[in-house]
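The values are calculated or read from the model by the stated rules, or taken from the named source; none is laboratory data. All figures in this text were calculated on a predicted structure; none of them were measured in a lab. Glycine also receives a Cβ, built like all others from the backbone with ideal geometry; neighbour counts cover every protein chain displayed.
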């Protein structure tokens with residue numbers, strides 16, 4: 001699968017100050033690329049980051065497409 005590295009990150013604001021940031025990421029040794037989902041909560045100043053490799057990112061995309069099919 002080809003990744004467009006020029007796509008910028010996207011942010012979603014939660015109802016109570018939470019933020020979800022999704023962006024391209026790559027990791028070394030062994031080289032892996034995919035997306036990182038950063039979950040932020042301003043109240044407790046804590047962040048959780050989840051890295052999804054290409055295959056996992058595609059599975060998430062397919063899951064969301066099944067959940068929200070085009071009409």
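Which residues, counting only those in the range 55-71, are within 21 Å of residue 11 (Cβ to Cβ) and either under 13 Å from the mean Cα position of the chain (by Cα) or surrounded by 11 or more Cβ atoms within 10 Å (Cβ to Cβ) (or both)? Selection gives 56, 57, 60, 61, 64.
Being out of contact with any strand residue (DSSP E or B) (no Cβ under 8 Å at 6 or more places or on another chain) and at negative phi: is that true of residue 29 here?
So residue 29 fails the test.
Residue pairs whose Cβ atoms lie under 8 Å apart, separated by 6 or more positions or on different chains, with the first residue in the range 1-28 and more than 13 Å from residue 49 (Cβ to Cβ) and the second modelled with pLDDT of 90 or more and assigned to a loop (DSSP other than H, G, I, E, B), are 24/9. Evaluated against (1) modelled with pLDDT of 90 or more; (2) loosely packed, with under 12 Cβ neighbours inside 10 Å; (3) touching a helix residue (DSSP H, G or I) at 6+ places or on another chain (Cβ under 7 Å), residue 52 falls short on exactly one condition, (2).
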